[in-house]
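The values are calculated or read from the model by the stated rules, or taken from the named source; none is laboratory data. Source: prediction; values computed, not measured. Note: ideal-geometry Cβ built from the backbone for every residue, glycine included; neighbour counts use all protein chains shown.
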Amino acid sequence: MKTITVDRVMADQRAASFTKRSIKTSAKDAGLRLAVAMTDLTTLEGKDSAEKVRSLCAKAIHPEPKDPTIPAVAAICVYPQLVQTAKRALAGSKVHVASVATGFPSGQYPLKVRLDDTKRAVEAGADEIDMVISRGLFLSGQRGKVFDEIAATKEACGSAHLKVILETGELETYDLVRAASDLAIAAGLTEYDFIKTSTGKVQPAATMGVTLVMLEAVRDHYLRTGVKIGVKPAGGIRTAKQALHYLVMVKETLGDDWLTPELFRFGASSLLNDVLMQLGKLRAGGKQYLASYDVTEA
Amino acid sequence: MTDHENIEPKATIGDLSHETVDEPIAETTRRERSVRKHELNFGDAWDYAPAPESVKVNIDASYGHFINGEFTKVGGGGGGKSFATINPANEQKLAEVALGTAKDVDRAVAAASAALPKWRKLPAKERGKFLFRLARRIQERARELAVLETLDGGKPIKESRDVDIPLVAQHFFYNAGWADKLQYAFPGLGAGGAEPVGVCAQIIPWNFPLLMAAWKIAPALACGNTVVLKPAETTPLTALRLAEICAEIDLPPGVVNIVTGDGSTGAALAAHSGIHKLAFTGSTEVGKKLAKLAAERGDGLRLTLELGGKSPNIIFEDASIDQAIEGIIQGIYFNQGHVCCAGSRLFVQEGIASDVVERLRIRMQSLRVGDPMDKNTDVGAINSKGQLQKIEDYLRIGEEEGAELFRANGRALPDKGYFCAPSFFTGVQQSHRIAQEEIFGPVLAVQTFRTPEEALSRANNTPYGLAAGVWTDKGSKVFEIATKLKAGVIWCNTYNQFDAASPFGGFKESGFGREGGMQGLRAYVRL
């Protein structure tokens, strides 16, 4: 595989150019609805409870009870322990259950433990598995081992879709983000599997620049093979405006086909709240004052 | 493409095949296009709604010249001819503007001469204050100026808002800072210090109307000179708005004078015996005439010329390709290619040529061409009907010469106004006119090379020498190539970056003298 270099200055400049697009009125409404449908509503805290997950699931199916035209989110993203709870709460809906696995977030466990973690989550009913790569192996140059581990995890997923978290905040350079993207994709990802920026536990998490580099890797893979891989920025995307910037970047880098929850997701906990607020404002013609409250908690 | 589904692509992105090296690039790309299986789909699944700039600006029905701190009357009892300035995006008239005669020029030069003694004697820090005031007022009225620039010139509001006007303010701020520090710009001077040159005649083009005015006026004033500026015929409105601002901040009358008009007005100004310095930005053809005129005057008229270009943008195979693509786009489609330093000749190392062309083709599908006042427009209107005609002539010439033309065809161009889809030619030979002559439009000539020496000799093989771009991930190659390129400005792994602190100017037929930076002050002082 050819090693592809990425120049940070120009990549950042390009990423910033997407934030200059002016998304108003009907485009804003459509974009925000798409953002809702692309959200992996996430809770990944040590104190997560079954009750919190059930409440999140209700929100996932009907994000805005006042407006039934607003679509359900793409998935609920939880720790393996809570997969069954989520699965039951989402029964009958189209919302997927995504589970982090492979010793999330550090991945600092023996491969066998990580694979067992994955299998249990799948057996508990997870439709999607968010794995972490071993950054230690990758940064120490043992990329072949990382390749093998991703391939083994893919196998352990069975029919569940796999999302490979690169933890770009620990890779630091765009060259490495690109190399890790290419490696993950080559390790056996199939159509509608994902590469994902971050665990959300490391700063910086998702940025426009990093996500652009990953979108470009996905684009090149598609042009070469015709296989469509998804991209999921996670962590740090909190506002509706940011979400629209990302959607512009997807549209102008990968085209219309990627404007679907099957191929682009936002990993976020507080984003949905702001998107719904903005949709509420649009619905009210921008004239009505809306008190700010956390709809995901409500 | 379904009928070709069983055929494997020969060379694809990220998987660079060398079996194509013996074919001209046009052949290669043609063949690949016919066998490519997987196309990205840049349609209108989520189309951006129109996002028109909402700021409205007042434009008077007519404008006179700005001489000695006042606007002259147009038409009226005093007579005088005028001409219309139009919006190139819809061909509608914006205002009637006075056509400067030799008499008008004479009055303006007289005003500048009269203002000179007091202005040059003003304590330098006071001159600086006026420039700071200008800069601040430009910032305050930035949105209005941006809208006016876009209306009169056709450039996208995104560019006038984010590039032109901020740079205009920066040039005034930057030069304001120099006004009382000239002894540090020119160290070793005696007690007299740096003396102003005198009355400066400045003739500017239509591609960056207000920015070119700032490039010229700011250093001249900082050094204690007075100015007579002639804006381009098609884009006088922002310069006239700048005149308003000069009056608004109480700049002493006569320090800045603006005479609008066409080539005849510029000729009268250049020939005027009362000027001490002539600065011109524009075509090489006119620049040569002015150089001849300056020589014939025999009075030591100082001259700086910033002329045309056919700048090479060189992409080596170890470059970061996606970023180089951005550089190509920025180099040739920025401001519809109406950029004297546009990267209009692309040299791509042969091994990656088909890959680069393919990626460029894909990238161009998301360029938005259309209404310059829409905030999402990337490529606006061609500045004038005449310029559009010239560009279209070159598109025809290129095809007649045997090059293969690609035109971005994402969306239909507006019915009214002067628009040109971004285009590039492959299969271009050095002897082709499209590889030699400045088109000044969104038209790129793509050529290939095999070795760095070949790239250098072909890049330098031009009468021009304004700018160049080098793209490689290897630092040593950057420095080696950059030192051997004969160009005034060389960008490495970027293109079309401007800053008030950075000097700008050319070699050979691209002119002489530098504008911007500390070096830009040199033309405006006697040491």
Here are the criteria: (1) among the polar types (S, T, N, Q); (2) surrounded by fewer than 23 Cβ atoms within 10 Å (Cβ to Cβ); (3) in a loop (DSSP other than H, G, I, E, B); (4) away from chain B (no Cβ under 14 Å). Tell me which single one residue A:84 does not satisfy. (3)
May I ask you to list the residues in the range B:456-475 that are in a helix (DSSP H, G or I) and within 18 Å of residue B:494 (Cβ to Cβ)? B:459, B:475
Of the conditions (1) at pLDDT below 95; (2) touching a Ser or Thr at 6+ places or on another chain (Cβ under 8 Å); (3) not aromatic (Phe, Trp, Tyr), residue A:252 satisfies every one except a single condition; which number is it? (1)
For residue A:101, state whether it is touching a strand residue (DSSP E or B) at 6+ places or on another chain (Cβ under 6 Å) and crowded, with 17+ Cβ neighbours inside 10 Å. yes
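Filter the range B:146-161 down to residues that are within 14 Å of chain A (Cβ to nearest Cβ) and under 15 Å from the mean Cα position of the chain (by Cα) and give me whichever is surrounded by the most Cβ atoms within 10 Å (Cβ to Cβ).
The residue in question is B:160.
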Just the residues that are on the phi < 0 side of the Ramachandran plot, in a loop (DSSP other than H, G, I, E, B) and either surrounded by 23 or more Cβ atoms within 10 Å (Cβ to Cβ) or among the small types (Gly, Ala, Ser) (or both), please, taken from the range A:212-239. A:229, A:233, A:237
Go through the residues of the range A:39-58 one by one and say whether even a single one is in contact with a Lys or Arg (Cβ under 6 Å, 6 or more places away or on another chain), within 14 Å of chain B (Cβ to nearest Cβ) and not in a helix (DSSP H, G or I). no
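Would you pick out the residues in the range A:103-144 that are small (Gly, Ala, Ser), over 17 Å from residue A:77 (Cβ atoms) and in a loop (DSSP other than H, G, I, E, B)? Explain how you work it out, then say what you get.
Of the residues in the range A:103-144, the ones small (Gly, Ala, Ser) are A:103, A:106-107, A:121, A:124-126, A:134, A:136, A:140-141, A:144.
Those still in the list that are over 17 Å from residue A:77 (Cβ atoms) too: A:106, A:134, A:136, A:140-141, A:144.
Within the range A:103-144, A:106, A:134, A:140, A:141 meet the criteria.
So, residue B:293, is that one surrounded by 24 or more Cβ atoms within 10 Å (Cβ to Cβ) and in a helix (DSSP H, G or I) or not? Let's see the steps before the verdict.
Details: surrounded by 24 or more Cβ atoms within 10 Å (Cβ to Cβ): no; in a helix (DSSP H, G or I): yes.
Judged against the criteria, residue B:293 is not a match.
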Looking across the range A:161-211 at residues that are at positive phi and touching a helix residue (DSSP H, G or I) at 6+ places or on another chain (Cβ under 8 Å), the single one that is modelled with the highest pLDDT is A:167
Of the residues in the range B:365-393 that are touching a Phe, Trp or Tyr at 6+ places or on another chain (Cβ under 8 Å) and not in a loop (DSSP other than H, G, I, E, B), the one that is nearest to residue A:11 (Cα to Cα) is B:379
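Quick one: would you say residue A:169 is free of Cβ contacts under 8 Å to residues at least 40 places away in the same chain and more than 18 Å from the chain's Cα centre (by Cα)? Talk me through it step by step, then tell me what you get.
Working: free of Cβ contacts under 8 Å to residues at least 40 places away in the same chain: yes; more than 18 Å from the chain's Cα centre (by Cα): no.
It is false that residue A:169 is free of Cβ contacts under 8 Å to residues at least 40 places away in the same chain and more than 18 Å from the chain's Cα centre (by Cα).
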Looking at this structure, is residue B:202 farther than 19 Å from residue B:73 by Cα and either among the hydrophobic types (A, V, I, L, M, F, W, C) or surrounded by fewer than 24 Cβ atoms within 10 Å (Cβ to Cβ) (or both)? no
Write out, first by first residue and then by second, each pair whose Cβ atoms fall under 6 Å of each other, whose residues are 6+ apart or on separate chains, and whose first residue, in the range A:178-195, is farther than 15 Å from residue A:226 by Cβ while the second is of a type in the set (S, T, N, Q). A:195/A:181
